[in-house]
Amino acid sequence: MASGVFDILHTGHISYLEQAKAMGDELVVVVACDNTVRKRKHEPITTAAMRARIINSLKMVDMAVIGNDGDFYRTIEDIRPDIIVLGYDQTFDENELKKELALRNITADVRRAGECGDDLTGTRRIVDRIIKGFGGEGE
């Protein structure tokens with residue numbers, strides 16, 4: 001299992017998902033619901049349904065699902081993955097995640113993907129580059 005927002009797909013996402021796929025037989029990707037994106041990052045550029053459709057179309061992805069609005073762990077309980085792969089820049093505390101999984105009787109191995117070396121590997125970086133290309137902030 002891998003998870004993320006995936007708002008404006010970029011090479012960092014591709015690298016993350018390729019690494020996650022290489023760690024198991026089947027890759028299920030949890031796409032953050034719109035409310036989660038609003039709470040944790042920003043107003044989503046595309047809807048969760050659009051993002052899930054895009055992620056589901058990638059050849060390394062076996063299935064994409066939209067995450068639970070509220071309890072992140074409910075989606076993990078539903079899918080019961082053997083391995084959970086965190087992105088290199090995701091803010092999850094691996095030890096806290098492992099403790100919560102144990103409390104919920106989920107025996108998934110938690111791993112972290114490595115960083116992608118490309119320049120524009122973040123949605124914010126891409127958006128900033130677009131804004132600068134069109135003459136500055138808010139224009």
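Report yes if Leu97 is out of contact with any Cys (no Cβ under 9 Å at 6 or more places or on another chain), buried (at least 17 other Cβ atoms within 10 Å of the Cβ), within 21 Å of Gly114 (Cα to Cα) and at pLDDT 95 or above, otherwise no.
When the stated conditions are applied, Leu97 does not pass them.
Answer yes if at least one residue in the stretch 36-45 is assigned to a loop (DSSP other than H, G, I, E, B), over 14 Å from the mean Cα position of the chain (by Cα), farther than 19 Å from Ile79 by Cβ and of a type in the set (Val, Ile, Thr), and no otherwise.
Looking for residues that are assigned to a loop (DSSP other than H, G, I, E, B), over 14 Å from the mean Cα position of the chain (by Cα), farther than 19 Å from Ile79 by Cβ and of a type in the set (Val, Ile, Thr), one finds at least one in the stretch 36-45, hence yes.
If I filter the stretch 74-92 down to residues being outside any loop (DSSP other than H, G, I, E, B) and touching a residue at least 24 places away in the same chain (Cβ under 8 Å), which single residue comes out as nearest to the chain's Cα centre (by Cα)?
Looking at residues that are outside any loop (DSSP other than H, G, I, E, B) and touching a residue at least 24 places away in the same chain (Cβ under 8 Å), I get Leu86.
Just one of (1) assigned to a helix (DSSP H, G or I); (2) out of contact with any strand residue (DSSP E or B) (no Cβ under 7 Å at 6 or more places or on another chain) trips up Lys98, so point out which.
(2)
Residues being open to solvent by 60 Å² or more (accessible area, probe 1.4 Å) and within 11 Å of Val28 (Cα to Cα): count how many of those fall in the stretch 52-77.
Selection size over the stretch 52-77: 4.
For every residue, the table says whether it meets (1) farther than 28 Å from Ile130 by Cα; (2) part of a helix (DSSP H, G or I).
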{"residue": "Ile14", "(1), (2)": "no, yes"}
{"residue": "Met50", "(1), (2)": "no, yes"}
{"residue": "Gly70", "(1), (2)": "yes, no"}
{"residue": "Ala102", "(1), (2)": "yes, yes"}
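To keep it simple, each residue is scored yes or no on (1) open to solvent by less than 30 Å² (accessible area, probe 1.4 Å); (2) on the phi < 0 side of the Ramachandran plot; (3) touching a helix residue (DSSP H, G or I) at 6+ places or on another chain (Cβ under 9 Å).
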position	(1), (2), (3)
Ser3	yes, yes, yes
Ile8	no, no, yes
Val28	yes, yes, yes
Val31	yes, yes, yes
Thr47	no, yes, yes
Ile79	no, yes, no
Leu86	yes, yes, yes
Arg104	no, yes, yes
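Considering each residue of the stretch 10-26, count those that are open to solvent by 60 Å² or more (accessible area, probe 1.4 Å) and among the aliphatic types (A, V, I, L, M), and give that number.
Total meeting the criteria: 1.
Considering only residues of the stretch 109-131 that are modelled with pLDDT of 75 or more and out of contact with any helix residue (DSSP H, G or I) (no Cβ under 6 Å at 6 or more places or on another chain), which is nearest to Ile8 (Cα to Cα)?
Only one residue tops the list, namely Glu115.
The values are calculated or read from the model by the stated rules, or taken from the named source; none is laboratory data. Note that the structure is predicted; figures quoted are calculated from it, not measured. Here Cβ is always computed from backbone atoms with ideal geometry, including for glycine, and neighbour counts include all displayed protein chains. Heavy atoms of the whole protein, side chains included, go into the accessibility calculation; ligands, DNA and RNA do not. Shrake-Rupley method; radii C 1.70, N 1.55, O 1.52, S 1.80 Å.
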